[in-house]
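Here is the structure we will look at, set down as structure tokens.
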């Protein structure tokens, strides 16, 4: 799984987002605390590391077997 920073979207774009992939049913906006509760542990760990990388303006590569 890779996580990429797509930048910020305007409120208008955010309102108009619609899933196009059949695996996705909806789009939602959550606080970090909500995301931590809603995501699987492994997905939250990757998300957390992605947020650290964004804050540090650095790329992070984490390899797990």
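The values are calculated or read from the model by the stated rules, or taken from the named source; none is laboratory data. As the structure is a prediction and not an experimental result, all values here were calculated from the model. Please note: Cβ atoms are built from the backbone with ideal geometry, for glycine as well, and neighbour counts cover all protein chains shown.
Considering the chain, the qualifying helices (runs of 4 or more DSSP H), each wholly inside and each with 1 or more residues that are surrounded by 10 or more Cβ atoms within 10 Å (Cβ to Cβ) and under 11 Å from the mean Cα position of the chain (by Cα), run over 32-38, 41-56. For residue 4, the conditions (1) at pLDDT 90 or above; (2) under 20 Å from residue 55 (Cα atoms) all hold with the exception of (1).
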